[in-house]
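Encoded as structure tokens, the structure appears first; notes follow it.
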Amino acid sequence: MSQTMQTGPAQNFDAIVVGAGFAGVYSVYKFRELGLSVKALEAGDGVGGTWFHNRYPGARCDIESLDYSYSFSNELQQEWHWTERYASQPEILAYINHVVDRFDLRRDIQLNTRVIKAEFNDQTQRWHIETDAGEAYEAKYVVMATGVLSVAQVPSMAGLETFKGQWFHTGDWPKDGIDVRGKRVGVIGTGSSATQMVPILAEQAQHLYVFQRTPNYTMPAQNHPMKPDIERDWKAHYPERRKFARASGFGHNQVTNHKSGKEVSDAERRTELENRWDLGGLYMMRAFKDILTDPQVNEEAAEFVRNKIRAIVKDPETAEALCPKDLYIGTKRLCSGTYYYETYNRNNVSLVNVKQSAIKQITETGLELENGDAYELDVIIFATGFDAMTGALNRINPKGRGGVPLRQAWAHGPQTYLGLTVHGFPNMFIIAGPGSPSVFSNMVTSIEQHVEWVADCAAYMQQNGLATIEASEAAQTAWTQHVNEMANKTLYAYSKNTWFYGANTPGKPVVWACRKFSWLTAC
Ligand code: NAP
């Protein structure tokens with residue numbers, strides 16, 4: 001889209017919010033509550049952000065539904081009924097739409113509108129925003145609720161344009177779904193998206209090939225229909241549960257074992273790991289307080305999971321290929337799935353090791369590996385992840401004071417204060433941005449906390465007649481150093497080939513981009 005498009009006269013708002021996922025929707029609510037004029041601009045043709053675009057089969061949140069929901073309205077949390085322990089994508093999308101309608105937010109959200117320009121005007125001290133529809137806006141505040149896993153990444157692969165079948169990315173899934181019945185399907189990637197999708201595709205496809213480069217650890221989600229007694233209990237104790245989540249390092253109510261994995265007996269350690277496997281999903285990473293800081297404790301948990309894989313997958317060669325080696329458990333985002341490993345016992349599923357021999361090219365009829373092996377495919381699914389944390393912001397590339405573009409300011413990696421603000425970009429707020437807990441936490445909790453911080457800040461500025469607020473360079477540098485120091489105390493620092501470090505996106509600086517590691521201070 002041309003950046004020099006003719007625009008109409010600018011419309012004025014107190015705040016422009018970019019995006020209408022969980023963060024954008026709550027931002028609209030909060031700015032309206034302050035009595036300020038606000039408009040959210042959303043590129044998609046519906047609200048929901050991540051949950052609008054990631055419609056692949058099996059898409060589901062790996063934080064419990066009773067936790068992964070807004071806390072700002074007690075009426076809302078009391079009246080909404082989640083049908084499962086972990087909510088599916090359609091249910092979360094229905095929930096966000098319910099919230100938008102219940103609080104009459106839709107009238108301040110404009111869909112099908114992509115922001116292509118955002119520039120701070122040094123003279124007027126306001127933001128100038130342009131969209132792909134040729135509209136212009138001026139606003140005192142701009143809130144980047146653009147998501148941290150919102151720019152789908154299809155790796156550059158020779159020959160993709162020649163492929164005669166269909167191909168898709170998990171993060172940009174067609175609304176009407178894909179019919180894979182009777183088809184030969186190839187899934188590239190074995191991260192969270194793939195592990196949720198693979199068992200379901202396997203039931204429908206004629207044959208499913210899973211092209212795995214790096215095996216990751218997948219926990220059984222242990223999902224089940226919502227139990228009425230659990231729902232009743234949560235609803236009776238929501239204030240305490242929300243308070244606990246806010247105060248926890250991870251923004252949710254998952255039980256943490258505060259013991260060191262080293263201070264317990266072998267039998268107790270084994271029992272705890274079994275217990276975590278049975279609890280399912282991300283609970284494994286709360287098994288011991290030092291699971292992400294002590295290599296030995298981490299290895300005990302990793303080997304425990306490898307042995308589970310070996311017990312589930314009948315073919316020993318496939319089982320071994322699925323076992324992550326040289327990867328601390330949890331340092332690539334832990335996956336949570338249902339019947340993921342069991343799926344490899346099916347006759348119509350093949351695991352293809354593309355670490356040994358990489359994908360050389362896509363052909364008219366499928367794909368070919370470097371070693372010459374060829375696979376005939378009707379459908380290729382890229383479960384290859386996202387230009388994470390900074391992708392959506394870099395795409396807009398806002399210009400701050402003196403016209404300095406964000407990409408230039410972040411040339412050596414993202415720098416923020418609290419993950420919320422950037423020096424040189426006054427009145428621009430990022431929700432769950434780099435340097436905040438973000439995807440390392442329950443996103444809804446983190447989003448609420450950030451949006452409330454922004455709203456409190458805007459209220460203060462309005463009451464005191466302040467035109468701008470901006471992080472000082474010193475505060476930003478100190479915060480970024482703090483985040484990196486904390487990351488370096490963990491095992492994440494030994495597994496840098498992940499999207500947490502931007503390593504999955506060609507050309508990006510490999511720097512830690514996520515969180516404050518607040519739990520370390522409690523260790
Ligand atoms: P991802 O974790 O980044 O995984 C991408 C996969 O694609 C990796 O296995 C990667 O292999 C592989 N890959 C990339 N390029 C490749 C190539 N050229 N050839 C072969 N393989 C290639 O992406 P994701 O699964 O979409 O998940 C992203 C994040 O979204 C998750 O970590 C999670 O935070 C979030 N998510 C959450 C849920 C949930 O709540 N349950 C569900 C889905 C996603 P390498 O590892 O070798 O690079």
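The values are calculated or read from the model by the stated rules, or taken from the named source; none is laboratory data. The structure presented is a predicted model; accordingly, all values stated were derived computationally and were not measured. Virtual Cβ from ideal backbone geometry, glycine too; neighbours counted across all protein chains shown. The accessibility values were calculated without ligands, DNA or RNA, using every heavy atom of the protein model including side chains. Shrake-Rupley method; radii C 1.70, N 1.55, O 1.52, S 1.80 Å.
Points to keep in mind about this one:
- Any hit, segment 299-312, residues being assigned to a loop (DSSP other than H, G, I, E, B) and hydrophobic (A, V, I, L, M, F, W, C): no
- In segment 8-20, residue most open to solvent (accessible area, probe 1.4 Å) [restricted to those that are at pLDDT 95 or above and over 14 Å from V115 (Cβ atoms)]: N12
- Restricting attention to segment 492-507, the residues that are in a loop (DSSP other than H, G, I, E, B) and within 13 Å of the ligand (Cβ to nearest atom) add up to 9.
- Scan segment 330-369 for residues that are of a type in the set (A, V, I, L, M, F, W, C), under 25 Å from G165 (Cβ atoms) and in a strand (DSSP E or B) and the total you get is 7.
- Verdict on I291 being part of a helix (DSSP H, G or I), open to solvent by less than 10 Å² (accessible area, probe 1.4 Å), touching a helix residue (DSSP H, G or I) at 6+ places or on another chain (Cβ under 9 Å) and under 25 Å from R85 (Cβ atoms): no
- Counting the residues of segment 294-303 that are open to solvent by less than 10 Å² (accessible area, probe 1.4 Å) and closer than 15 Å to R270 by Cβ gives 3.
- Scope segment 46-76; condition over 17 Å from the mean Cα position of the chain (by Cα), open to solvent by 20 Å² or more (accessible area, probe 1.4 Å) and among the hydroxyl-bearing types (S, T, Y); matching residues: S71
- Being touching a Ser or Thr at 6+ places or on another chain (Cβ under 9 Å), within 29 Å of F250 (Cβ to Cβ) and of a type in the set (V, I, T) holds for only one residue in V28, V17, V38, V47, and it is V17.
- Residue pairs whose Cβ atoms lie under 9 Å apart, separated by 6 or more positions or on different chains, with the first residue in segment 443-472 and of a type in the set (F, W, Y) and the second open to solvent by 20 Å² or more (accessible area, probe 1.4 Å), are W453/L418; Y460/L466; Y460/I469.
- A single entry from V264, V297 fulfils the requirement of being over 27 Å from N497 (Cα atoms), in contact with an Asp or Glu (Cβ under 8 Å, 6 or more places away or on another chain) and assigned by TED's automatic domain parsing to the domain that holds V349: V264.
- Flag for G191 being touching a residue at least 12 places away in the same chain (Cβ under 8 Å), touching a Cys at 6+ places or on another chain (Cβ under 9 Å), within 16 Å of the ligand (Cβ to nearest atom) and under 28 Å from Q356 (Cα atoms): yes
- D326 vs. criteria surrounded by fewer than 22 Cβ atoms within 10 Å (Cβ to Cβ), over 30 Å from C61 (Cβ atoms) and within 15 Å of the ligand (Cβ to nearest atom): no
- Of all residues in segment 372-412, those that are free of Cβ contacts under 8 Å to residues at least 12 places away in the same chain, assigned to a helix (DSSP H, G or I) and on the phi > 0 side of the Ramachandran plot total 0.
- Filter result for T131 (of a type in the set (V, I, T), open to solvent by less than 30 Å² (accessible area, probe 1.4 Å) and more than 18 Å from A23 (Cα to Cα)): yes
- Pairs with Cβ under 6 Å, 6+ apart, first in segment 166-183 and hydrophobic (A, V, I, L, M, F, W, C) and at pLDDT 95 or above, second part of a strand (DSSP E or B) and within 16 Å of the ligand (Cβ to nearest atom): W167/I380; F168/I381
- Residue check for A388: surrounded by 18 or more Cβ atoms within 10 Å (Cβ to Cβ) and either over 18 Å from L160 (Cβ atoms) or modelled with pLDDT under 95 (or both): yes
This table checks each residue for (1) under 16 Å from Y70 (Cα atoms); (2) at pLDDT below 95; (3) in a helix (DSSP H, G or I).
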| residue | (1), (2), (3) |
| --- | --- |
| G435 | no, yes, no |
| A459 | no, no, yes |
| Q462 | no, no, yes |
| N484 | no, yes, yes |
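- Any chance W234 is aromatic (F, W, Y) and within 16 Å of the ligand (Cβ to nearest atom): no
Rundown of residues vs (1) modelled with pLDDT under 95; (2) among the acidic types (D, E); (3) under 25 Å from C457 (Cβ atoms), yes/no style:
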position	(1), (2), (3)
E75	no, yes, no
W80	no, no, no
N97	no, no, no
I116	no, no, no
N121	no, no, yes
Y137	no, no, yes
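- The set of residues in segment 344-359 being open to solvent by 30 Å² or more (accessible area, probe 1.4 Å) and more than 11 Å from the ligand (Cβ to nearest atom) consists of N345, R346, N347, S350, L351, Q356.
- Test: residue in segment 472-481 that is modelled with pLDDT under 90, within 24 Å of F386 (Cβ to Cβ) and open to solvent by 10 Å² or more (accessible area, probe 1.4 Å): no
- Scan of segment 188-218 for residues that are closer than 11 Å to C335 by Cα and among the aliphatic types (A, V, I, L, M), ordered by number: A194
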